[in-house]
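Readers should treat all values here as calculations from the given coordinates under stated rules, not as data from a laboratory. In this text the structure is predicted, and so the values were computed from the model without any measurement. Glycine also receives a Cβ, built like all others from the backbone with ideal geometry; neighbour counts cover every protein chain displayed.
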Amino acid sequence: MFEDGERPTPSWWKSRWYHDPKIEDEVIRAIRAKDRPSTGAVYRVFLFVCGILFFFAGWILWNIALPAEGESGTVGMNLKTFLFFAGIFVQLALGPYFAFISISNSGRLSRSMPKAQLEYFRLKGAILDWEVHNHYWTALRDPDHEHHNEIIRYKWMDKVRWKHHPSDFFGYQIFTKESGEEVRGPLVPKSSDAYRNSNFTLDGDGEPLFEGPTHPLRRVVTLPFFLFFFSLITLPISVINTIISISNKDWEILFEASISISLFIFLCYYLIRRNTDLINADDDVDVSLDDLEERLRLLCERYATMN
């Protein structure tokens, strides 16, 4: 135990090693090795059996959906059409995928990153953007700040807790040394000439291309938003069709209405989670740089031994 009761900061951390890609690769490999799911023989046999079962289940589904003798075989928005295409997908995609994974080298059913690796990149990104993040909140909260008017934010955004995007408005000047090495300069608004003159590329005609500040409405007007808007318009019709179909026991109309309502719920959840802090609040708003680095250091020490 040390006199002050705390562990000293190790030497490897003082070098801010997360800027070194070689050392970072070692940490990522350690995380993947320790968080790797079971890929033993029993698990692989289970995946292979599931693949066989999915293959036959899909075959049964699309055969059930085939029209009987004398029935019309037209494709429409109905239960049989859904069963047919779902059966084809389960038989020719899901079943073979499970079987292939069972004999593959990785043996991993999911290709997603381990949670620890996602947390690592989240913390590293928060550390690298901390100065931009801190400057943004300082300017936003102080009406007398010289860069307060650089931030475009509407009142409705605060009411719905719309996500903040500090990097949309502030960035670093980039200077190029004689050796060709690029170094990061001071933090400036993206609308300023200082940022414009140091952050540009040349097109095929030699003309400079510059990406300035991102207007917040560009994050609002997106394809998912338009799909959600049209789903919202048709929602009353879907609800009415649902009530009528239940009273008349018309299951095909009920199925069509349930798809519309499900799409609306999914898009609503996606837009809320992606664009607002109503579900996943931003826990790093007022976190200091030292706290973020401490979290990252503890995460890395849990998985890798650094020298």
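Along the Cα→Cβ direction, 7 angstrom out, place labels at residue 287 and residue 271. What is the inter-label distance in nm?
2.9
Once you've got the Cα coordinates, tell me which of 159/190; 163/190; 34/124; 115/159 are over 23 Å apart.
Working: 159/190 26 Å; 163/190 19 Å; 34/124 20 Å; 115/159 31 Å.
Table pairs above 23 Å Cα-Cα are 159/190; 115/159.
Testing the spin-label approximation: label points 7 Å from Cα along Cα→Cβ at residue 63 and residue 158. State their distance in nm.
6.5
Between the alpha-carbon centers of region 222-254 and region 258-277, tell me the distance in whole angstrom.
14
Give the lysines whose C-alpha is closer than 22 Å to that of residue 249, dropping any in the same chain fewer than 8 places away, or say none.
80
When the chain is fully extended, how far beyond the present Cα-Cα distance does residue 278 get from residue 145, taking 0.36 nm per residue of separation? Display every interim value, and only then the final one.
Values: separation 133, 0.36 × 133 = 47.88 nm, distance 2.81 nm.
Gain in length upon complete extension: 45.1 nm.
Find how much the distance from residue 174 to residue 225 grows on full extension, using 0.36 nm per residue of separation minus their present alpha carbon separation; answer in nm with one decimal.
Values: separation 51, 0.36 × 51 = 18.36 nm, distance 3.48 nm.
Between residue 174 and residue 225, full extension yields an extra 14.9 nm.
What are the residues whose amide H is under 5 Å from the amide H of residue 185, where those residues sit 5 or more places off or on another chain and H is modelled from the backbone?
173, 174, 175
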